[in-house]
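This report concerns only the one structure given below.
The values are calculated or read from the model by the stated rules, or taken from the named source; none is laboratory data. As the structure is a computational prediction, the values presented were derived from the model and not from experiment. Neighbour counts run over all protein chains shown; Cβ positions are idealised from the backbone, glycine included. Ligands, DNA and RNA are stripped out before the accessible areas are found, and what is left, the full protein with its side chains, is counted by its heavy atoms. Shrake-Rupley method; radii C 1.70, N 1.55, O 1.52, S 1.80 Å.
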Amino acid sequence: MTRHLFGTDGVRGVAGELLSAELALALGRAATALAAVERPQVLIIRDTRESGEMLEAALAAGVSAAGGEALLGGVLPTPAAPLLIARYGFDLAAVISASHNPYQDNGIKFFGADGFKLSDESELEIERELQRAGGGSADANGGWDASGPASRGTGDEGGGHVIGRVRELRGTGEDYLRELHTRFAELDLHGLDVLLDCAHGATYRVAPEIFRRLGATVSVIAERPDGRNINAGCGSTHVGELARRVLADGHAVGFAFDGDGDRVLAVDGAGEVVDGDELMALAALHLKRAGRLAGGGVVVTVMTNYGFHAAMRDADIAVASTKVGDRYVLEELRARGWVLGGEQSGHIIDTGFNRSGDGIASALLALEALAGAPLSERHAMRKLPQRLVNVRVRDRRALESADTVTAAVRAADEALSGRGRVLVRPSGTEPLVRVMVEAPTDAEADEVCARLVALVERELA
């Protein structure tokens, strides 16, 4: 059976259309019915989108209808979910968020009792449960017709269904802050002037607070969510305003989170953006020095800059590469028993602290690695100039049989061997071929990329 609902990061779509209250209720019932315990405790948290309250109510109703106890944790970053699971022994957690997407979208992703996101197999079983119990099916337009599966069982008297409860879980923000403070208790940020961009999202309360508790002087932008301004021209996907403000106002460093707080990008005192590759390089070298880089390796994706690979080779740190997506990074970390991995986008996972990407923890880890030095003086890696062009094509799958393109890519990659690299791959969802070139100079990167783009356009457009 093919999954129709779940993508690489849960169920995601336009709120009120694909992601309706009916579907949220059905998902809550199905996931709860499949839990391994009789009356599962299910944590529910969300970001600041206007649709979050509707989906929270529907999801909680589904959990209760299946005999579970829905615990409403309120607005919290996604990485709070696995930490709260570990602290309280919850059986399941659901996060309502569409991460860095605009406010019109929303999503639901589940974490299991072990603190990890549910596996592909578990998500497929939820979809099967929806269909078995009459909970719906994929429609012709790619939506989902969901009426909700049956509840967990019947009562002892009168044959009534076992109904669970819905209650507010207070103090969850403080619980998350306590975990962060415990991990970074020795990090002294007194004298550090930091600017935070909270993307009008889930970090808007907790991120400034932990930096203040560790002694930093904190200024904040994009910290007034109204339900519709999440990620709007701010956050880790729009870091330009943070860079401008850091430079103009003389802050030592800036950090930009995304809407659900599992990603972070940085800006140094000179206004230069520091991406996930550079933050991971800082973390890897630091954890190795501290004897905390279990397995001696780091997991990255195929998009990670060649300069990262060169720096890790020089530091005798192994590197494994996966497809794009934090899900695949985490799978590889678990398979190898390593602790550090992530993406250029700023989604960094340190399983020594958490079982999910955590933007706030990653920012603090970078500052811990710097040990008081300015971010502008980082020397973890030399980032190679990178060019990435998306070429619209007739059929992205035609790249597999485009021998002329394959030969040209191989020749260009061999010419850059030891100095850079070439990666040409189809998009996973759109009629696009992505051409990426990394080279020692801007001029060489531009020349090679332009030549390959022209060839892909000629052969496949």
Bridge type composition, the chain - antiparallel percent by DSSP, nearest 5: 55 percent
tail above 16 Å in the computed P(r) of segment 370-419, as % of all Cα-Cα pairs, reads 67 percent
Of all DSSP beta bridges with both partners in segment 268-392, the antiparallel percent, nearest 5, is 30 percent
Sorted on mean Cβ neighbours within 10 Å (highest first), peptides 177-189, 341-353 come out as 341-353, 177-189
Using the heavy atoms of the protein chains alone and a 1.4 angstrom probe, what is the accessible area of the chain per residue in square angstrom? 41 Å²
With a/c under 1.5 counting as rounded, go ahead and sort segment 167-210 into rounded, prolate or oblate using the C-alpha gyration tensor (a ≥ b ≥ c being the square roots of the eigenvalues; past the cut-off, prolate if a/b is larger than b/c, else oblate). oblate
Accessible area in the full protein assembly, largest first, 1.4 Å probe, for 430, 56: 430, 56
If you take the square roots of the eigenvalues of the alpha-carbon gyration tensor of segment 14-110 and sort them as a ≥ b ≥ c, do you get rounded (a/c under 1.5), prolate (a/b over b/c) or oblate? oblate
For segment 325-461, which whole-number percentage of the solvent-accessible area (1.4 Å probe, protein heavy atoms only) is attributable to carbon and sulfur atoms? 47 percent
Residue separation between residue 17 and residue 132 times 0.36 nm, minus their alpha-carbon distance, gives in nm 39.1 nm
Is the shape of segment 281-367 best called rounded, prolate or oblate, per the rule: a/c under 1.5 gives rounded, else a/b larger than b/c gives prolate, else oblate, with a ≥ b ≥ c the square roots of the Cα gyration tensor eigenvalues? rounded
For segment 23-132, what proportion of DSSP beta bridges, expressed in % and rounded to the nearest 5, is antiparallel? 35 percent
Karplus ³J(HN,Hα) for segment 336-353 (6.51 cos²θ - 1.76 cosθ + 1.60, θ = phi - 60°; Hz, whole; x = Gly/Pro) runs 8, x, 8, 10, 10, x, x, 10, 4, 5, x, 8, 10, 10, 10, 5, x, 10
What does the accessible area of residue 219 come to, in Å² to the nearest 10, when a probe of 1.4 Å is used? 40 Å²
Just the number, please: carbon plus sulfur as a percent of the accessible area of segment 242-319, 1.4 Å probe, no ligands or DNA/RNA counted. 51 percent
How many angstrom lie between the Cα centre of segment 298-358 and the Cα centre of segment 170-184? 25 Å
Given segment 394-435, report the % of alpha carbon pairs whose separation exceeds 14 Å. 50 percent
Probe 1.4 Å - accessible area at residue 422, Å² to nearest ten: 20 Å²
Quick check on segment 385-461: what does the Kirkwood estimate of hydrodynamic radius come out to from the alpha carbon pairs, in Å? 12.2 Å
Phi to ³J(HN,Hα) by Karplus 6.51 cos²θ - 1.76 cosθ + 1.60 over segment 242-258, Hz, x for Gly, Pro: 4, 4, 5, 6, 4, 5, 5, 9, x, 6, 6, 7, x, 10, 10, 9, 9
What percentage of the solvent-accessible surface of segment 7-84, computed with a 1.4 Å probe over protein heavy atoms, is contributed by carbon and sulfur atoms? 52 percent
